[in-house]
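Below is one structure; the comments refer to it alone.
The values are calculated or read from the model by the stated rules, or taken from the named source; none is laboratory data. Since we're looking at a predicted model, the values are computed, not measured. Cβ placement follows ideal geometry from the backbone for every residue including glycine, while neighbour counts extend to all protein chains displayed.
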Amino acid sequence: MQFQSFIMIKYLIIALFFLPLFTTAQVAKTPVVVKKTAIVKKAPTKPVKKAVKKRAIKKETSSTIQQANKNGFVVNGVITDAENGAIIKMLNGNTGVLENTTTIKNGKFSFKGSTGSPDFKLIGINGEPPFITVFLDNNVVNIKATKATMQEANIAGSASHKDFENFLNATKPYNDLLAGKGRFEISFMTEAANALENFVKTNPTSFITPLAIFRQNQITGDYQKLESMYNLLDPTVKKSALAGYIAQQIELNKAAGYGKPLASFSQADTSGKQVSIESFKGKYVLVDFWASWCGPCRAENPNVANTFEKYKNKNFTVLGISLDRAKEAWIDAIAMDKLNWTQLSDLQFWGNAVAKQFGIQSIPQNFLIDPQGNLVGKNLRGAALEFRLSQLIP
């Protein structure tokens, strides 16, 4: 059952949110005890942003905060070529948990229920892909599809789902970017980020707007913008599952110390010399946790190396922290991946002192700090790293 839930969640991430799977992290098998370190308070430095012409998104009609049918929802569905007696299951789009079951009769099925706030539901034959994805509210919803067109089903009656369709249409030019492929030019990423932010500003009462906030942050990695956009949401929308996830990320960002100095540390480099993070003051530094044995890390290294080459003469560098345990493998990987920046390790595997200091239990992970040593980014991978640097470095 746990495996089935995992499959459902993975399907939702890929099919509904089109989230780019930039990497799969290597995870420590045993819990890591986090060493508490003092953070000295300093005034955070405001990032410098380039002036960019905004591309406006037409304001769409948001779903009303008061849902129309207080008694709940009714889903009337038609799958014209489905066999009589076929089992139709409705799953929670966030968890993959089964919520309702019915059967096909003469190509038709029906569900009844209620939802506290509009939420994603997945409807499938036997609860398996391909799914009909509906952003469901407490209304009478009519669905028409065939087995071959489940993912393109015609859905009517849900104001919230209409908002979802409007969002998809408004962001269609950026689908490939949001899926982690296609154009990664800074100007195009900026255009997409501005378009998503505009959607948020013009649709604060829509329950789909938290998805726009998530998407914008997916591109920019700007923790300050994440919170300011969340604060624009109507209080009722903030109670939804999607908004709750955003709120959780904001709290995690604060706990990580965004805008505050990264705690001091030091470790030996490849020659055995102790190097302190303090020696990099005055530069933007990406503190990059990786290892030669970590496949996702090695896959990400070319992105880091390319960004390093573009920004190394613009007051930026990288500081590698390896969780290796064999020095030869570590040195060979540095040379093979052309990691032309300072590398540190104590060769203690998951027991690496710096990794334990920051509670690192999976890799790759990274922290971006500004010239004053303040944390201004975390886990920036692929095009997101270069985009964040373009925001910070004039």
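Residues in the range 109-129 that are surrounded by fewer than 17 Cβ atoms within 10 Å (Cβ to Cβ) and farther than 24 Å from Leu211 by Cβ: Ser110, Lys112, Asn126, Glu128.
The set of residues in the range 159-208 that are touching a Gly at 6+ places or on another chain (Cβ under 9 Å) and hydrophobic (A, V, I, L, M, F, W, C) comprises Phe184, Phe188. Just checking, how many residues over the range 350-374 are in contact with a helix residue (DSSP H, G or I) (Cβ under 9 Å, 6 or more places away or on another chain) and on the phi > 0 side of the Ramachandran plot? Adding up the residues that qualify gives 1. Scanning the range 91-110 for residues that are outside any strand (DSSP E or B) and in contact (Cβ under 8 Å) with a residue 40 or more places away in the chain yields Gly93, Asn94, Thr95, Gly96, Val97.
Any residue in the range 259-274 that is in contact (Cβ under 8 Å) with a residue 60 or more places away in the chain and within 19 Å of Phe387 (Cα to Cα)? Yes; the residues of the range 259-274 include at least one that is in contact (Cβ under 8 Å) with a residue 60 or more places away in the chain and within 19 Å of Phe387 (Cα to Cα).
Here's the yes/no breakdown for (1) β-branched (Val, Ile, Thr); (2) at pLDDT below 95:
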position	(1), (2)
Val140	yes, no
Thr146	yes, no
Asn154	no, no
Ser160	no, yes
Asn166	no, yes
Ala170	no, yes
Pro173	no, yes
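From the list Phe167, Phe188, Phe207, the lone residue that is in contact with a strand residue (DSSP E or B) (Cβ under 8 Å, 6 or more places away or on another chain) and not hydroxyl-bearing (Ser, Thr, Tyr) is Phe207.
Yes/no per residue for (1) at pLDDT below 95; (2) of a type in the set (Lys, Arg); (3) touching a Ser or Thr at 6+ places or on another chain (Cβ under 7 Å):
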site	(1), (2), (3)
Ala193	yes, no, yes
Lys225	yes, yes, no
Met229	no, no, no
Lys239	yes, yes, yes
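Selection of the range 141-173 for residues being part of a helix (DSSP H, G or I), basic (Lys, Arg) and touching a residue at least 12 places away in the same chain (Cβ under 8 Å) yields Lys147, Lys162. When Gly72, Gly116 are checked against the criterion of being more than 30 Å from Ile186 (Cβ to Cβ), touching a strand residue (DSSP E or B) at 6+ places or on another chain (Cβ under 8 Å) and either at pLDDT 55 or above or not β-branched (Val, Ile, Thr) (or both), Gly72 stands alone in meeting it. If you go through the range 88-106 one residue at a time, do you hit one that is buried (at least 16 other Cβ atoms within 10 Å of the Cβ), modelled with pLDDT of 95 or more and of a type in the set (Gly, Ala, Ser)? No, the range 88-106 has no match at all.
Take Leu262 and tell me if it is touching a Leu at 6+ places or on another chain (Cβ under 7 Å), under 30 Å from Leu136 (Cα atoms) and either of a type in the set (A, V, I, L, M, F, W, C) or surrounded by 18 or more Cβ atoms within 10 Å (Cβ to Cβ) (or both). Against the criterion (touching a Leu at 6+ places or on another chain (Cβ under 7 Å), under 30 Å from Leu136 (Cα atoms) and either of a type in the set (A, V, I, L, M, F, W, C) or surrounded by 18 or more Cβ atoms within 10 Å (Cβ to Cβ) (or both)), Leu262 does not qualify. Any residue at all in the range 117-137 that's over 30 Å from the mean Cα position of the chain (by Cα), assigned to a strand (DSSP E or B) and closer than 17 Å to Phe73 by Cβ? Within the range 117-137 (the criterion being over 30 Å from the mean Cα position of the chain (by Cα), assigned to a strand (DSSP E or B) and closer than 17 Å to Phe73 by Cβ), the answer is no, since none of the residues qualifies. Restricting attention to the range 224-246, the residues being within 17 Å of the chain's Cα centre (by Cα) and charged (D, E, K, R) number 2. Does Asp324 satisfy being surrounded by 13 or more Cβ atoms within 10 Å (Cβ to Cβ), on the phi < 0 side of the Ramachandran plot and without any contact (Cβ under 8 Å) to a residue 40 or more places away in the chain? Yes, satisfied. Please go through the range 125-165 and pick out each residue that is of a type in the set (Asp, Glu) and closer than 19 Å to Thr103 by Cα. Glu128 - this is the single residue of the range 125-165 that is of a type in the set (Asp, Glu) and closer than 19 Å to Thr103 by Cα. Scanning the range 334-390 for residues that are among the aromatic types (Phe, Trp, Tyr), more than 30 Å from Ile250 (Cβ to Cβ) and part of a loop (DSSP other than H, G, I, E, B) gives a single hit, Trp341.
For every residue, the table says whether it meets (1) surrounded by fewer than 19 Cβ atoms within 10 Å (Cβ to Cβ); (2) touching a residue at least 60 places away in the same chain (Cβ under 8 Å).
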position: Ala192; (1), (2): no, no
position: Ala212; (1), (2): no, no
position: Ser228; (1), (2): yes, no
position: Lys239; (1), (2): yes, yes
position: Glu251; (1), (2): yes, no
position: Ala256; (1), (2): yes, yes
